[in-house]
Every structure is written in C-alpha cells, then in structure tokens.
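Student: The structure follows.
The values are calculated or read from the model by the stated rules, or taken from the named source; none is laboratory data. In this text, all values refer to a predicted model and were calculated from it rather than measured experimentally. Cβ placement follows ideal geometry from the backbone for every residue including glycine, while neighbour counts extend to all protein chains displayed. Note: areas computed on protein heavy atoms with side chains; ligands, DNA, RNA excluded. Shrake-Rupley method; radii C 1.70, N 1.55, O 1.52, S 1.80 Å.
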Amino acid sequence: MIFNSFNFIVLFPLIFLLYYAIPVRYNRGRNLFLLLVSYLLYLQWKPVYALVLLGVTVVTWAAALAVNRAKHPKRVLTIGVLLSLLPLVFFKYFNFINESVGEALAIVGLNCHLTGLNWAIPIGISFFTFQALGYLWDVYYKRQEAERDFLTYALFVSFFPSILSGPINKASLVIPQLRQLRPYFDYNKAVGGLKILLWGMFMKVVVADRVALYADTVLSSYENYTGLSCLVASLLYTTQIYADFAGYSLMAIGVGKVLGFELTENFRRPYFAVSVTDFWHRWHISLSTWLKDYIYIPLGGSRCSKLRNYWNIFVTFLVSGIWHGANWTFIVWGCMHGICQIVEKMLGQQKCNYGRLGKIVKICITFLIVNFAWIFFRMPTLTDACGVIERIFDFSLPMTLYKSNNTNTVLCLMGISILYIKDFFDEYSPEKRYFFDSKKRWIRWCSYLVIFMLIMLTGVFGADQFIYANF
C-alpha cells in the first residue's frame, strides 16, 4: 500500500479497527488477518505476482526446516538460495544480462541476442527476497531458530508496511513479536507511531515530491539547461531521494508501531556523516546491515590482509549497486561508494578527529561526494550521467537558473529548511526535547498542527510512488 495515496487514508483506519477488534487471546487469528491484508494489498498491483511472493516464502521456509535435518546442510542452503534468487534474477536482471552479453558478443562479430521481457518487475521483490534470504542464512548459521509455523513466517516476509520499500527486517526482531500475545492497544506506542507517520508523510509530500518538480524537470532534459541549473537540480535530487526513502521508512515504522510492532530503524540523519563510511552507517541501515552480515563478513570482513579487506569492501558495494537496479549506472554508483570507503580506510579518514571546524569541512566534502554519486544513480544511462556532470563543469554556459514557479521555490526552501533544522537538533541535541517530543503539551500540539497543515496545504499529492519501490 502506498502511504501517500487516498487508499491508505481510507483503508488503514479500517485495518486498525478490525485488527484490534480481534481478542488478544486469538493471536493466531490476528496474524491471519494481517497476512490476508498483506496479500490483498499486494494483489491490488499485479495479482499474478503474488505467486512470486508466495513462492519465495515457501522455498525459504521449507529450506530452513530442511537445513536443520539435512546431512549436508550447505547443499540445502545453496539450493534454497538459488531457487529464491531465481525470480529476482529473471524479472529484474534478465534484460540487463541479455543486452550486456549481446553487446559484448557484437564486439567480436557474433550476433546472439534473445528476445527481451516486457513484463513489469514484481513490486518489492528485492526487499522481500533479501529479507527471506537473511532468515535462511541466519538459520544455517544457528543465529535463528527455524520457524515451523508457516503462517507466522509468511506474515514476516509479506508484512504490508515494509514489503514495498523496506526496511529489511531481521527475523530475530519480528518473528518473536508475531509469536507473543500483543495487548489490545498500547496508547504510548500508537502515539509514537502516529508522530513518526506524520513526520514521514511531511518528508514525502512536502519535501520530496515538491523538490521533484524542479529536479525531475531539469535532469530529465539536462541538455536544455545551464550548468548552474543542473548543479542545483543534482543537489535537490540528493534531498529528494533522502526525503522520499526515509519518509517511506518512517511511515512503515509508524504504521507498524500503531499496530504494536517494532521495525528496524533505517535512517539516522545521513547527510551529517563525516565520511562515506559513516554515511553507510546512517543510510538504508537495514540494507547496510544485511550486506555486512551476509556478504562482507562471510568474505572475511576485516579479519584478513589489508588488500583482501579492500577487496571485500569493493565486492560488498558492487553487490549493493547490483541490488539497486539492473543498469550500469547503479553498478558504477555502488563501485564509487566502495572505492571511496577503501580510500578512507587507507588514509584513516572514516572518522573525524579535527575538531568542530574540521567536522564541518568533512561533512561538506562527504555531502558533495555523495551528491556526485547520486547523479549516476538518478540518470538512465552512463552517457546521461556524464552529460550532466559535463554540463555542470561547462563554465562557458551562462550562469542562469531554470526559472521555477516562485511559489514552488518558496515552498521548496521552507520544506528543506524544516527538514534539516529538525535533523540538526536530533543530531546535536538528542537529549533535549523539541517539537513533537517537547515536555510542554502546547508545543507538541502546535508542532502536530503546523506539520499537518503544511501537509494538507502545501503537499504534492497524486505524485508517483516512492523511488525505492522500483527496486
């Protein structure tokens, strides 16, 4: 379910009421209700693709049970992983592999090109596949007990708040919550969830979708705009993707909280990072953790030679790039982040030991590096990405900005300012309570009302779905 849609506004209160109408003692009935809701919401998109979700669920559930009984558990694990990855590779990467191989063979004079697929990618396939694979590996490594109850496991994989764009939850966090009896209604948890939901909605419709009006216009036809316009558009896209993805994650966590569940934290003010390494401790935390646990550490992590450690970092972020999309732009983006972290490690620059001024400088440098990499992430081809960069550094062009609507410009600046002011206080004064968490009731309620009114009066509704839903 897309949280910034009319369907969500109508359906979620109904889901909330029906869920809490089921008596506490019928915990299995509550789980069954949430499972049905999750699948019915998934069926709204492309009904046939629910079979992909069900298939990945059945394969990983059965493989995890078989791992515990098998004489050769590694073989069972390998089969389970390959079968689970098959739909992801087929739907998401078939065309990319086919075209890349065809182009490579054409260089040597061979013509071998299969017909491409025109099918849409099952929504959320990267997220639920990685979540299920994480569970399977945890069972294999004895970090998680195999779940015998299929209903509980199926709900873990398909839970509707997080299936679209994460966070990628660990089984050790969610499955125990599904097993235990949950209270009728936890007022404090629900209030906390609604606060998170409100702020996530602000980030999405007031900041991300309004900034997109400028960024998407310029970057989609960058040849027609000046270097300064392209630079501003790239900076705005950096804010757009943060507000869009973090906004979704917060809404997912908020919805889960209202229903009594704790989901994985996914963002921690990433643009206050002092290095690219620090950035990945703050950005898409659930994916970073997944990559560390199931790619980086099994490769040897940092407990090996320096050269091998650098290789492990590079491979981990190569996988990150491939996970994000079937395009060379994502692969280059992932490699850039991996190379930057290797350089930081070689120079001992993962942290900041240069005082307050040094920290400000390092935050600015990191932001610019990340912003530069986002250009490759955003553009459809490497040629376009290089074209935007060339445009930015073409100082022969007149330094005039794309003329945006004055009202939109003011609203963009207002939303961005509010977003980063809140992040600043959360980063440097976490012990003090501001805005939503103020000890004074009137400040709290004024904050709620101001943000709600900004959403209703300045939010861009009816925009496209969340950026990360495409991954």
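Student: Between a first residue in segment 227-246 that is assigned to a helix (DSSP H, G or I) and a second residue that is open to solvent by 10 Å² or more (accessible area, probe 1.4 Å) and among the small types (Gly, Ala, Ser), which pairs have beta carbons less than 6 Å apart while being 6 or more apart in sequence or on different chains?
Tutor: Close Cβ pairs (under 6 Å, with a partner that is open to solvent by 10 Å² or more (accessible area, probe 1.4 Å) and among the small types (Gly, Ala, Ser)) amount to Gln240/Ala212.
Student: Let me ask another. Out of everything in segment 189-204 that is among the charged types (D, E, K, R) and surrounded by fewer than 24 Cβ atoms within 10 Å (Cβ to Cβ), what residue ends up being nearest to Met251 (Cα to Cα)? Spell out the reasoning first.
Tutor: Here is the first cut: in segment 189-204, the residues among the charged types (D, E, K, R) are 189, 195, 204.
Narrowing the set further to residues that are surrounded by fewer than 24 Cβ atoms within 10 Å (Cβ to Cβ) leaves 189, 195.
Values: Lys189: 14, Lys195: 9 Å.
Ranking the qualifying residues of segment 189-204, first place goes to Lys195.
Student: Oh, and also: Could you list, in sequence order, the residues of segment 16-27 that are in contact (Cβ under 8 Å) with a residue 60 or more places away in the chain and surrounded by 14 or more Cβ atoms within 10 Å (Cβ to Cβ)?
Tutor: Within segment 16-27, Phe16, Tyr19, Tyr20, Asn27 meet the criteria.
Student: Separate question: Quick check on this structure: which one of Tyr420, Tyr402 is in a loop (DSSP other than H, G, I, E, B) and either surrounded by 15 or more Cβ atoms within 10 Å (Cβ to Cβ) or not charged (D, E, K, R) (or both)? Explain how you work it out, then say what you get.
Tutor: Details: Tyr420 fails: in a loop (DSSP other than H, G, I, E, B).
Testing whether each residue is in a loop (DSSP other than H, G, I, E, B) and either surrounded by 15 or more Cβ atoms within 10 Å (Cβ to Cβ) or not charged (D, E, K, R) (or both) leaves just Tyr402.
Student: Further, regarding this structure: Of all residues in segment 278-305, how many are of a type outside the set (A, V, I, L, M, F, W, C), buried (at least 20 other Cβ atoms within 10 Å of the Cβ) and under 22 Å from Leu357 (Cα atoms)?
Tutor: Within segment 278-305, residues that are of a type outside the set (A, V, I, L, M, F, W, C), buried (at least 20 other Cβ atoms within 10 Å of the Cβ) and under 22 Å from Leu357 (Cα atoms) number 1.
Student: Let me ask something additional. Go through the residues of segment 355-367 one by one and say whether even a single one is out of contact with any helix residue (DSSP H, G or I) (no Cβ under 9 Å at 6 or more places or on another chain), open to solvent by 30 Å² or more (accessible area, probe 1.4 Å) and within 21 Å of Ser288 (Cα to Cα).
Tutor: No, segment 355-367 contains no residue that is out of contact with any helix residue (DSSP H, G or I) (no Cβ under 9 Å at 6 or more places or on another chain), open to solvent by 30 Å² or more (accessible area, probe 1.4 Å) and within 21 Å of Ser288 (Cα to Cα).
Student: Restricting the first residue to segment 133-154 and requiring it to be modelled with pLDDT under 95, which pairs with a second residue that is in a helix (DSSP H, G or I) and open to solvent by 20 Å² or more (accessible area, probe 1.4 Å) meet a Cβ separation below 6 Å and a spacing of at least six or different chains?
Tutor: So the pair list comes out as Gln144/Ser172; Ala146/Leu65; Ala146/Asn68.
Student: Is it the case that segment 295-309 has a residue that's more than 27 Å from Lys362 (Cα to Cα), of a type in the set (Ser, Thr, Tyr), part of a helix (DSSP H, G or I) and under 22 Å from the mean Cα position of the chain (by Cα)?
Tutor: no
Student: Only residues in segment 313-331 that are open to solvent by 40 Å² or more (accessible area, probe 1.4 Å) count as the first member; pair them with residues that are in a loop (DSSP other than H, G, I, E, B), Cβ under 9 angstrom, at least 6 apart or cross-chain, and list the lot.
Tutor: If the second residue must be in a loop (DSSP other than H, G, I, E, B), the pairs left are Asn327/Pro380; Asn327/Thr381; Trp328/Thr381.
Student: Can I ask one more? Tell me the residue from Asp278, Asp293 that is more than 24 Å from Thr381 (Cα to Cα), in contact with a Ser or Thr (Cβ under 8 Å, 6 or more places away or on another chain) and in contact (Cβ under 8 Å) with a residue 40 or more places away in the chain, please. It would help to see each step written out before you state the result.
Tutor: Working: Asp293 fails: in contact with a Ser or Thr (Cβ under 8 Å, 6 or more places away or on another chain).
Result of the check over Asp278, Asp293: Asp278.
Student: Looking at Val207, is it within 18 Å of the chain's Cα centre (by Cα), β-branched (Val, Ile, Thr), more than 28 Å from Leu411 (Cβ to Cβ) and buried (at least 23 other Cβ atoms within 10 Å of the Cβ)?
Tutor: On the way: within 18 Å of the chain's Cα centre (by Cα): yes; β-branched (Val, Ile, Thr): yes; more than 28 Å from Leu411 (Cβ to Cβ): no; buried (at least 23 other Cβ atoms within 10 Å of the Cβ): yes.
For Val207, the condition - within 18 Å of the chain's Cα centre (by Cα), β-branched (Val, Ile, Thr), more than 28 Å from Leu411 (Cβ to Cβ) and buried (at least 23 other Cβ atoms within 10 Å of the Cβ) - is not met.
Student: Can you tell me which of (1) over 18 Å from Asp216 (Cα atoms); (2) open to solvent by 80 Å² or more (accessible area, probe 1.4 Å); (3) among the aromatic types (Phe, Trp, Tyr) is the one Phe461 doesn't meet?
Tutor: Here Phe461 clears every test but (1).
Student: In the list Trp323, Trp283, which residue meets the criterion of being touching a Pro at 6+ places or on another chain (Cβ under 9 Å) and either within 18 Å of Asn371 (Cβ to Cβ) or at pLDDT below 95 (or both)? Lay out the reasoning, then the answer.
Tutor: Working: Trp323 fails: touching a Pro at 6+ places or on another chain (Cβ under 9 Å).
The conditions single out Trp283.
Student: Right, another one. Just one of (1) surrounded by 24 or more Cβ atoms within 10 Å (Cβ to Cβ); (2) at pLDDT 95 or above trips up Phe127, so point out which.
Tutor: (2)
Student: Then there's this: Please specify each residue of segment 30-43 satisfying the condition of being farther than 22 Å from Leu194 by Cα, surrounded by 13 or more Cβ atoms within 10 Å (Cβ to Cβ) and either without any contact (Cβ under 8 Å) to a residue 60 or more places away in the chain or among the aromatic types (Phe, Trp, Tyr) (or both).
Tutor: Scanning segment 30-43 gives Tyr39, Leu40, Tyr42, Leu43.
Student: Restricting attention to segment 426-438, report how many residues are surrounded by 13 or more Cβ atoms within 10 Å (Cβ to Cβ) and either of a type in the set (Lys, Arg) or under 16 Å from Ile363 (Cβ atoms) (or both).
Tutor: Qualifying residue count, segment 426-438: 3.
Student: Output the residue which, of all residues in segment 247-270 that are assigned to a loop (DSSP other than H, G, I, E, B) and over 30 Å from Leu17 (Cα atoms), is least open to solvent (accessible area, probe 1.4 Å).
Tutor: In the first step, residues of segment 247-270 are kept if they are assigned to a loop (DSSP other than H, G, I, E, B); the result is 259-269.
With the extra rule that they be over 30 Å from Leu17 (Cα atoms), the set shrinks to 268-269.
Values: Arg268: 87, Arg269: 55 Å².
Out of the qualifying residues, it is Arg269.
Student: Just a yes or no: is a residue in segment 238-245 of a type outside the set (Asp, Glu) and open to solvent by 20 Å² or more (accessible area, probe 1.4 Å)?
Tutor: So the first thing to find is which residues in segment 238-245 are of a type outside the set (Asp, Glu), and the list is 238-243, 245.
Narrowing the set further to residues that are open to solvent by 20 Å² or more (accessible area, probe 1.4 Å) leaves none.
Checking segment 238-245: not a single residue is of a type outside the set (Asp, Glu) and open to solvent by 20 Å² or more (accessible area, probe 1.4 Å).
Student: Then there's this: Tell me which of these Ser100 doesn't satisfy, since it passes every other one: (1) more than 21 Å from the chain's Cα centre (by Cα); (2) at pLDDT 85 or above; (3) open to solvent by less than 60 Å² (accessible area, probe 1.4 Å).
Tutor: (2)
Here's the yes/no breakdown for (1) within 27 Å of Ser126 (Cβ to Cβ); (2) out of contact with any Gly (no Cβ under 9 Å at 6 or more places or on another chain):
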| site | (1), (2) |
| --- | --- |
| Leu11 | yes, yes |
| Tyr26 | no, yes |
| Asn31 | yes, yes |
| Leu36 | yes, yes |
| Tyr39 | yes, yes |
| Tyr42 | yes, no |
| Ile79 | yes, yes |
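Student: OK, next. Which one of these is buried (at least 20 other Cβ atoms within 10 Å of the Cβ), on the phi < 0 side of the Ramachandran plot and small (Gly, Ala, Ser): Ser220, Ser234? Even if it seems obvious, please write down each step before you answer.
Tutor: Details: Ser220 fails: buried (at least 20 other Cβ atoms within 10 Å of the Cβ).
Going through Ser220, Ser234 in turn, just one is buried (at least 20 other Cβ atoms within 10 Å of the Cβ), on the phi < 0 side of the Ramachandran plot and small (Gly, Ala, Ser): Ser234.
Student: In the set Tyr225, Tyr237, which member is out of contact with any Ser or Thr (no Cβ under 7 Å at 6 or more places or on another chain) and closer than 19 Å to Gly415 by Cα? I'd like the intermediate steps shown before the answer.
Tutor: Numbers: Tyr225 fails: closer than 19 Å to Gly415 by Cα.
Of the residues listed, the single one that is out of contact with any Ser or Thr (no Cβ under 7 Å at 6 or more places or on another chain) and closer than 19 Å to Gly415 by Cα is Tyr237.
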